[in-house]
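For reference, the structure discussed in these notes is given below.
Derivation of every value follows stated rules applied to the coordinates shown; laboratory data play no part. Just so it is clear, the structure is predicted and the values come from calculations on it, not from any experiment. Cβ atoms come from the backbone with ideal geometry, glycine included; neighbour counts cover every protein chain shown.
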Amino acid sequence: MIRGLTDAARRDWLRLARTESVGPVTFDELIRRFGEPSLALAALPDLARRGGRAQAPRIPTEREALSELAAGEALGARLICACEPDFPQALAALDPPPPLLWARGRIELLDRPAVALVGARVASAAGQRFARGLAAELGAAGLVVVSGMARGIDGAAHQGALPTGTVAVLGGGVDDVYPPEHGGLYAQIADQGCVVAEHPPGRQAQARDFPRRNRIISGLSQAVVVVEAELRSGSLITARLAGEQGREVLAVPGSPLDPRARGANDLIRQGAAICEGVDDVLRALEGFRGFGEPASGYAPPPSATQSDPRLVEALARQLSPTPIGRDELVRATGASAGEVAAALIELALAGRAELMPGGLVASG
């Protein structure tokens, strides 16, 4: 359900999103179950206790929420919650969407057709030249270029698309300029394009933040183009997420003698389309099926199910570090899907389960 939020509801939405042990999937489940963030916040201590946690997860205070809002506004940034009309349609269609975004700059770019260009940080001069040129041609074709403002391919892509529109997705807060030498590029993007981040202003990115950042890069885009990438590159994570989200995946082929080409070549081997120029991207977009309806309506269910403590412990015993589908847990326990969902929320809030996109669950 797309709706506006009162100031109080916006603060509660922010507090719930920043609560300990509440990731995007748990947030989505809580909003579906309780409808209003205030009701979910009130229920959290009991839910965590039922999941086996002795102390309630830490919930940010109203003062802390107001402080984050003030910090973002001081930067000229805007908080957009996932239920609001201005939240990007492409991200709203994810299952689940990120609960909120901080955005600085031309927010209207977030709803224009977009293509992500990603690749190696230690990129070749040829790779950077190709990315810069391709970004400029995509912009001339009316497409926004999305990337992560990292060294190498990301930076080149942003530079090529500055005159026509580019979006930088940061792993930390919306003011987390990294690498430091991209300070000038950041200022240009904030002025001419748009900078977005899921984390609070002032937050410096940590290694665990980049998969979520990559999910937003692919989620904002109709297609992801990998220019250069080694076999263990974060760009390949972005490509995998794009495939899972129903986006087009393209890769620029490279020399088998260059380790930076192995990841892109492997993507082509697995079925990614070859990208040798802008025409290949435009051809791939002809088959794009669109984002569809928002994945989460944020509408409250008829009632909130309470879990059976025996089911909570049975599910905890079934979990391991290897993700398993919820359907498997339903079959293994004999419980209904609603009962399993309710118990998993409690385990997640207790730090004993990790709820992941795609209906997967692992031990916490």
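Between 0 and 90 degrees, rounded to the nearest ten: what's the tilt of helix 337-349 against the longest Cα principal axis of the chain?
80
How high is the relative contact order of the range 193-285, given as a whole-number percent (alpha carbon pairs under 8 Å, six or more residues apart)?
Values: 132 pairs, mean separation 23.2, N = 93.
So the answer I get is 25 percent.
Going by average Cβ density within 10 Å per residue, which order do the peptides 140-151, 326-337, 77-88 take, highest to lowest?
Working: 140-151: 22.8, 326-337: 14.6, 77-88: 20.1.
With the highest mean Cβ count within 10 Å placed first, the list reads 140-151, 77-88, 326-337.
Residue separation times 0.36 nm, minus the C-alpha to C-alpha distance between Ser320 and Arg129: what's the value? Spell out each step's value before the answer.
On the way: separation 191, 0.36 × 191 = 68.76 nm, distance 4.48 nm.
My answer for the length gained is 64.3 nm.
Where Rh denotes the Kirkwood radius from the mean inverse Cα pair distance, what is Rg over Rh for the range 221-291?
Numbers: Rg = 11.5 Å, Rh = 12.0 Å.
Expressed as Rg/Rh, it is 0.96.
Can you tell me, using C-alpha contacts under 8 Å and at least 6 residues apart, the relative contact order of the chain as a whole percent? Working shown, then result.
On the way: 772 pairs, mean separation 70.3, N = 364.
Here the relative contact order equals 19 percent.
Where nothing but the Cβ of Lys and Arg (+1) and of Asp and Glu (-1) is charged, how large is the charge dipole of the range 92-286 around its Cα centre, in debye to the nearest 20?
Numbers: 19 positive and 21 negative charges, 81 e Å.
Roughly 380 debye, rounded to the nearest 20.
Do me a favour and compute the ellipsoid semi-axes for the chain from its Cα gyration tensor, root of five times each eigenvalue, largest one first, whole Å. Before the final figure, lay out each step's value.
Values: eigenvalues 261, 113, 61 Å².
Its equivalent ellipsoid spans semi-axes of 36, 24, 17 Å.
Which log10 I(q)/I(0) values does the range 46-203 give at q = 0.14, 0.15, 0.16, 0.21 Å⁻¹ under the Debye formula, counting every alpha carbon as one identical point scatterer?
Summing over Cα pairs of the range 46-203 leads to -0.72, -0.81, -0.89, -1.32.
Does anything in the range 170-206 have its amide N under 19 Å from the 7 Å Cα→Cβ label point of Gln89, and if so which residues?
Answer for the range 170-206: none.
Can you tell which of Val312, Gln206, Gly219 lies farthest toward the positive end of the dipole of the chain, using +1 and -1 charges on the Cβ of basic and acidic side chains (Lys, Arg; Asp, Glu)?
Val312
Would you mind putting 152-162, 40-50, 268-278 in packing order, based on average other-beta-carbon counts within 10 Å, highest first? Can you show the working numbers first?
Working: 152-162: 25.7, 40-50: 19.1, 268-278: 15.5.
Per-residue mean Cβ counts within 10 Å order the peptides as 152-162, 40-50, 268-278.
Please express the shape of the range 92-286 as an equivalent ellipsoid: the semi-axes are the square roots of 5 times the eigenvalues of the C-alpha gyration tensor, given largest first in whole angstrom.
Details: eigenvalues 106, 58, 58 Å².
That gives 23, 17, 17 Å for the three semi-axes.
Starting from the Cα-Cα distance between Asp308 and Ala362, subtract it from 0.36 nm times their residue separation and give me the gain in nm to one decimal.
Computed gain between Asp308 and Ala362 is 17.4 nm.
What is the diffusion coefficient of the range 63-126 in µm²/s, taking the Kirkwood radius over Cα pairs and the Stokes-Einstein relation at 20 °C with a viscosity of 1.002 mPa s? Walk me through the numbers before you get to the answer.
Details: Rh = 14.1 Å.
The diffusion coefficient I find is 152 µm²/s.
Relative contact order, percent, of the range 212-261 when contacts are C-alpha pairs under 8 Å separated by at least 6 residues?
Numbers: 69 pairs, mean separation 21.6, N = 50.
Once normalised by length, the contact order is 43 percent.
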